[in-house]
1. Go over the candidates Leu114, Leu200, Leu159, Leu119 one by one and state the one that is of a type in the set (A, V, I, L, M, F, W, C), part of a helix (DSSP H, G or I) and surrounded by 14 or more Cβ atoms within 10 Å (Cβ to Cβ).
2. In segment 122-132, how many residues are touching a strand residue (DSSP E or B) at 6+ places or on another chain (Cβ under 9 Å) and either farther than 27 Å from Ser203 by Cα or open to solvent by 10 Å² or more (accessible area, probe 1.4 Å) (or both)?
3. In the set Val43, Val9, Val19, which member is open to solvent by less than 30 Å² (accessible area, probe 1.4 Å) and either aliphatic (A, V, I, L, M) or touching a helix residue (DSSP H, G or I) at 6+ places or on another chain (Cβ under 7 Å) (or both)?
4. Would you confirm, using the coordinates I've provided, whether Asp64 is surrounded by fewer than 21 Cβ atoms within 10 Å (Cβ to Cβ) and either within 16 Å of the ligand (Cβ to nearest atom) or acidic (Asp, Glu) (or both)?
5. Please count how many residues of segment 217-246 are crowded, with 24+ Cβ neighbours inside 10 Å, away from the ligand (no atom under 16 Å from the Cβ) and not aliphatic (A, V, I, L, M).
6. Looking only at segment 386-414, which residues are surrounded by fewer than 19 Cβ atoms within 10 Å (Cβ to Cβ) and farther than 19 Å from Gly340 by Cβ?
7. Give Asp57, Asp38, Asp64 a once-over and let me know the one that is in contact (Cβ under 8 Å) with a residue 40 or more places away in the chain and part of a loop (DSSP other than H, G, I, E, B).
8. State whether one or more residues within segment 133-144 are within 13 Å of the ligand (Cβ to nearest atom), modelled with pLDDT of 95 or more and crowded, with 16+ Cβ neighbours inside 10 Å.
Amino acid sequence: MMLIRNGRVIDPGSGTDGVLDVLVDGPRIAGLGRYAEDACTEVLDAGGRVVAPGLIDTHVHFRDPGFTHKEDLETGAAAAKRGGFTTVVCMANTKPVVDDPDTLRDILTRAAGLDVRILQAASVTRGLRGAELVDMDALRALGAAGFTDDGIPIMDTALLTRAMERARDLGVPISLHEEDPALIANNGVNRGEVSERLGLGGSPSVAEDVMVARDCMLALATGARVIIQHISSGNAVRMVRLARSLGADVWAEATPHHFSLTQEAVLEHGTLAKMNPPLRTERDRREVVEGLKDGTIRIIATDHAPHTEEEKNRPIDKAPSGIVGLETALALGLTHLVHGGHMTLPALVDRMTLGPATAYGLDLGTVAVGAEADLVIFDPDERWTVSDLASKSRNSPFLGRELRGRVTHTIRAGRVVHALR
Ligand code: DOR
């Protein structure tokens, strides 16, 4: 048995927030309270730091198979556990695309023994081409966590409606990348002052808004659980709020970069601030923060998107979009949302644990007797400078930045898989 002593246990599900010991027996939590050390083979003194459910990231790109020079399942898991994550959901834009049983089976088999629970989403359409649905029943039966064409919007409304109906019947979410390409000149940079200065056409927020409006209404009509991925536009946040108030089962993800940065970051960091959808205006950023605060957005997801240095050194209109995020996510939440005075610590923990678990129907994200002992221990105040990363890629605008809040331990199924000291 392992005893985690003297931690501030935060469990968003039960509302627990207090200094308690956590008793771990094998892969499960055996008790919460005060315990003697005698019967325990391992004692971990949390020293007043926070003990919370292991973090859950429902949006990562581990690039495996096909782009393993950027990341693979092992290095992705290494980055995840360093960031305090015990469960991740990988996106389907690999090579081959996760649109058939063999590819899905291969990934899940190779992921099974790793230190982090790696779940895999399947694509909605074959080859991400937007024309023909995958065999959703077969992929779900094999364990697909959900369905998404992330990276590419689904433009065929009738096809998407059918996919929503099937996802609803299978009891899994369908997650959507919301940017209408017809309205975009160059992706990755918001259309506005910054894109004009750079001589780029950019990607306007209305390209996101029109898609979110359509899909909120389709969610309402079909009853499907729809997750709006990496929401970045203030009007889109308002649309999700409205749709939820109408009874739609619509959820939204916000990334740490969209709640921390604005389009001006492109001037400072160049391609390291290029992502889809792009960083937008301060008004948009504030609306995202407001959405996180009032629960309109219940999921913080990183969109961990590794790319090589060579690719990111290309001119901004030629470089790929996306940044790595697993190792800085919690600290960005603590720095900008909690220390910034916008959200309480339990609310932040909810958006990184129980919120995502609930959206994906996972029986995870709690610190409770009998629950899986997936835990993170972190110091919410410690200042540290982002330097070395466990990820294979280094495309982060936060390298060299001082942040507040540091993960010291990650525990997965009762085993310490990451210890800082
Ligand atoms: O910036 C992004 N990069 N957004 C996406 O949706 C896809 C991702 C990638 O795969 O690189």
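1. Values: Leu114 fails: part of a helix (DSSP H, G or I); Leu200 fails: part of a helix (DSSP H, G or I); Leu119 fails: part of a helix (DSSP H, G or I).
Only one candidate qualifies: Leu159.
2. So the count comes out to 3.
3. Details: Val43 fails: open to solvent by less than 30 Å² (accessible area, probe 1.4 Å); Val19 fails: open to solvent by less than 30 Å² (accessible area, probe 1.4 Å).
The unique qualifying residue is Val9.
4. Details: surrounded by fewer than 21 Cβ atoms within 10 Å (Cβ to Cβ): no; either within 16 Å of the ligand (Cβ to nearest atom) or acidic (Asp, Glu) (or both): yes.
No.
5. Of the residues in that region, 0 qualify.
6. Result: Ser387, Asp388, Ala390, Arg394, Leu399, Gly400, Ala413.
7. Details: Asp57 fails: part of a loop (DSSP other than H, G, I, E, B); Asp38 fails: in contact (Cβ under 8 Å) with a residue 40 or more places away in the chain.
Criteria check complete, one pass: Asp64.
8. We begin by selecting, within segment 133-144, every residue within 13 Å of the ligand (Cβ to nearest atom); these are none.
Checked segment 133-144: no residue is within 13 Å of the ligand (Cβ to nearest atom), modelled with pLDDT of 95 or more and crowded, with 16+ Cβ neighbours inside 10 Å.
The values are calculated or read from the model by the stated rules, or taken from the named source; none is laboratory data. A quick note: this is a predicted structure, and the numbers were derived from the prediction, not measured. We place every Cβ from the backbone using ideal geometry, glycine too, and count neighbours over all the protein chains shown. What goes into the accessible areas is simple: the full protein's heavy atoms, side chains included, and nothing from ligands, DNA or RNA. Shrake-Rupley method; radii C 1.70, N 1.55, O 1.52, S 1.80 Å.
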